[in-house]
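K.L.:
Handing you this structure, nothing more for now.
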Amino acid sequence: MTDRPPLPPFTRESAAQKVQAAEDAWNTRDPHKVSLAYAPDSVWRNRDTFVTGRAEIVAFLTRKWEREQEYALRKDLWAFDGNRIAVRFQYECRDTDGQWWRSYGNELWEFDEHGLMARREASIDDVPIEESERRIHGPRPQAERGDMFPLR
């Protein structure tokens, strides 16, 4: 199996690199590309949905990004220890009816020895917003990498 650096155990720097890499991948909205960061038998809980394995991850993300249009995400490192990372995130998108949403969430990640995510648990809350209230417009600019994204 191919390693996906950085590998655990994580330092603050390597955990931050892993978080930024995840943000970058998810902002591509490419389910196949995103799935490669996960172990072949990765287990997820995303809200009330349980997903196992890359094929289910691809199917889940395909459905997600069909519903969540113009999706743009920011992730921040919250904590790390050994092979685990905790993340806070926000994303914005609009639904097929044109309603904009800001979603706030927390993720718990566990990695295998190859640097692939073996477990992901996400708790997410959605808040309707007006288009004029948007704060996230596409991928994070290079100049803002490493900056904590404000709660409000």
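K.L.:
Set Lys and Arg Cβ to +1 and Asp and Glu Cβ to -1, take the dipole of the range 25-150 about its Cα centre, and tell me which of Phe60, Phe111, His137 lies farthest positive.
P.N.:
Working it through, the farthest residue towards the positive pole turns out to be Phe111.
K.L.:
Let me ask something additional. Dipole size in debye (nearest 20) for the chain around its Cα centre, Lys and Arg Cβ +1, Asp and Glu Cβ -1? Provide the component values of the computation, followed by the final result.
P.N.:
Values: 24 positive and 28 negative charges, 33 e Å.
In debye, rounded to 20, the chain gives about 160.
K.L.:
Take the chain, connect every pair of alpha-carbon atoms lying under 10 Å apart with a spring to form a Gaussian network, then pick out the residue of Asp125, Asp97, Asp41 with the largest mean-square fluctuation.
P.N.:
Asp97
K.L.:
Quick one: which residues, 5+ away or cross-chain, put their amide H under 5 Å from the amide H of Arg4? H built at 1.01 Å from N.
P.N.:
Distant-sequence amide H within range of Arg4: Gly115, Leu116.
K.L.:
Taking only Cα atoms and a 10 Å spring cutoff, compute GNM fluctuations for the chain and point out the largest among Ser42, Ser123, Ser132.
P.N.:
Most flexible of the set in this elastic network: Ser132.
K.L.:
Report D for the range 103-152 in µm² per second (integer): Stokes-Einstein, Kirkwood Rh on Cα pairs, 25 °C, 0.890 mPa s.
P.N.:
Details: Rh = 13.9 Å.
In µm²/s, the coefficient is 177.
K.L.:
Okay, moving on. At 1.4 Å probe size, put Leu77, Leu36 in order of accessible surface, largest to smallest.
P.N.:
Details: Leu77 30, Leu36 90 Å².
In descending accessible area the options line up as Leu36, Leu77.
K.L.:
Considering only protein heavy atoms, with the full assembly of protein chains and a 1.4 angstrom probe, order Val87, Val43 by accessible area, largest first.
P.N.:
Working: Val87 5, Val43 60 Å².
Sorted by accessible area, descending: Val43, Val87.
K.L.:
Another question about this same structure. In nm, to one decimal, how far is the modelled label at Gln69 from the one at Thr11, with both set 7 Å along Cα→Cβ?
P.N.:
Output for this residue pair reads 4.5 nm.
K.L.:
Enter the angle in degrees (range 0 to 90, nearest 10) between the Cα long axis of helix 12-27 and the first principal axis of the Cα atoms of the chain, meaning the one along which they spread out most.
P.N.:
Rounded to the nearest ten degrees, it is 50.
K.L.:
With the crude spin-label approximation of a point 7 Å out along Cα→Cβ, what separation in nm comes out for Asp30 versus Thr62?
P.N.:
Taking the two extended label points, one gets 1.7 nm.
K.L.:
Now for a separate question. Under a cut-off of 13 Å between alpha-carbon atoms, report the aspartates and glutamates in cross-link reach of Lys64, not counting same-chain residues fewer than 8 places apart.
P.N.:
Hits, sequence-local ones excluded: Asp30, Glu56, Glu92, Asp95.
K.L.:
Mind giving me the nanometre distance, one decimal, between the label points for Asp81 and His137, set 7 Å out from Cα along Cα→Cβ?
P.N.:
4.1 nm
The values are calculated or read from the model by the stated rules, or taken from the named source; none is laboratory data. Bear in mind the structure is a predicted one, so any value in this text is a computation, not a measurement. Neighbour counts run over all protein chains shown; Cβ positions are idealised from the backbone, glycine included. Remember, those area values only see protein heavy atoms, side chains included, never the ligands or the DNA or RNA. Shrake-Rupley method; radii C 1.70, N 1.55, O 1.52, S 1.80 Å.
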